[in-house]
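Let me begin by presenting the structure, written as structure tokens, before commenting on it.
The values are calculated or read from the model by the stated rules, or taken from the named source; none is laboratory data. For clarity, every value in this text was computed on a predicted model and none was experimentally measured. No Cβ is skipped: glycine too gets one built from the backbone with ideal geometry, and neighbour counts run over all protein chains shown.
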Amino acid sequence: MAEAISHSVRVPVPQQQAAEEGSPSLVSYVLPVYNEVEGIRRFHEELTAVVATRPEFRYEFVYVNDGSVDGSLGILRDLAKNDSRVHVVDFARNFGHQIAITAGLDHAAGDAVIIMDTDLQDPPRVSLELIDAWLSGAEIVSARRRTRQDSRFKRFTAHGYYRLLRHCAEVDIPVDTGDFRLLDRRAAEELRGFRERSRFIRGMVASMGFQQAEVLFDRDERVAGETKYPMRKMLRLAADGVTSFSTVPLRLITRIGFVSLALALLGIVYAVALRVFLPEVTVSGWTMLMVAMLFLGGVQMLSLGVIGSYVGRIYNEVQQRPLYIVRKVIRYDQD
Ligand code: UDP
Ligand code: MG
């Protein structure tokens, strides 16, 4: 478990204290939605049925409509009209899953905040187990996948990626854990302070420290619709994970540089010796030349690419644009 790297000198307030101050604790759900028209109503029904079994808490459901173009917003509006616990943060366009979570977190007021997907792949009943772990003292509870019902390709790449990331990241990022999590009020407050633009939230959470716990679960299949994480978005998230939490790729360039310098020195000695001792064969060696040239060219391009992706990150950050743009926040009594 990650040792606490405290970013703040404020003393954490135990969650029991909030409960003692009168009203029951508020549990907020942060729920990103992107084109989930087919499944979102069923999701909400299941979630509300599950939380109804734990009436000792108050609840709040913060749906973030991440620029859906399929009528999801209409359904969310309808949910908000019929349930005072529903808030809808409507984005002006699609900003992506990680940003949607961020906005939800910014709007959530709970003593505990639960982040989960809205396609029923993160089963609502597991969120109660997260709450139980929180009640037994954990400040951050991650839901870790024991199994997952995704394509063989996705399972394979995810498995490899999490282990690679763990190997090179400077913080202890748990494997097989997505963004399905509970954060207590203090942890949520701290996470709100992370305003970087290229976001990898699971890494940011891991880097905060706090008392962390894990709950194992079996990830279900998506109930309706298709994944909203096509290859392009997945690769971007994967790259953000690496560049946010590791400078290994940059350091690798130096190492490759040293290795090719060593090879180059050998080549130079070889070529000069050949010129001096066997002048009649020095014209041959075309293959050698091509190999050396193309290899070095490739390595240089690759290195530039690595540097470029870090420079791109810096560029994104210095622009200081808003993380997201909200068209409207919809609540129960408003239209
Ligand atoms: N999502 C989002 N914005 C996006 C892509 C996805 O808010 O640009 C939401 C989506 O509605 C879902 C969650 O993020 O609730 C996870 O997406 P998805 O299920 O498609 O990813 P997967 O489970 O396939 O990795
Ligand atoms: Mg999903």
Picking from Glu280, Glu317, which residue would you name as being touching an Asp or Glu at 6+ places or on another chain (Cβ under 8 Å) and assigned to a helix (DSSP H, G or I)? Glu317
Quick check on segment 41-52. Is at least one of its residues within 15 Å of ligand 2 (Cβ to nearest atom) and assigned to a loop (DSSP other than H, G, I, E, B)? no
Within the set of pairs 6+ apart or on separate chains, which have a first residue in segment 216-233 that is in a helix (DSSP H, G or I), a second that is crowded, with 16+ Cβ neighbours inside 10 Å and not aliphatic (A, V, I, L, M), and C-beta atoms under 9 Å apart? Lys233/Gly96; Lys233/His97
Find the residue count for segment 83-110, including only residues that are within 14 Å of ligand 1 (Cβ to nearest atom) and of a type in the set (Ser, Thr, Tyr). 1
Given the conditions (1) within 14 Å of ligand 1 (Cβ to nearest atom); (2) without any contact (Cβ under 8 Å) to a residue 60 or more places away in the chain; (3) part of a helix (DSSP H, G or I), and given that Gly67 satisfies all but one, which numbered condition is not satisfied? (3)
Identity of the residue in segment 59-74, in contact with a Lys or Arg (Cβ under 8 Å, 6 or more places away or on another chain) and surrounded by fewer than 22 Cβ atoms within 10 Å (Cβ to Cβ), that ends up nearest to His107 (Cα to Cα): Glu60
Cβ-Cβ below 6 Å, separation at least six or inter-chain, first residue in segment 196-213 and within 15 Å of Arg236 (Cα to Cα), second part of a loop (DSSP other than H, G, I, E, B): which pairs? Gly203/Ile173
Among the numbered criteria (1) surrounded by 14 or more Cβ atoms within 10 Å (Cβ to Cβ); (2) within 14 Å of ligand 1 (Cβ to nearest atom), which single criterion is violated by Glu226? (1)
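Given the options Val205, Val171, Val269, name the one that is at pLDDT below 90 and not charged (D, E, K, R).
Details: Val205 fails: at pLDDT below 90; Val269 fails: at pLDDT below 90.
Of the residues listed, the single one that is at pLDDT below 90 and not charged (D, E, K, R) is Val171.
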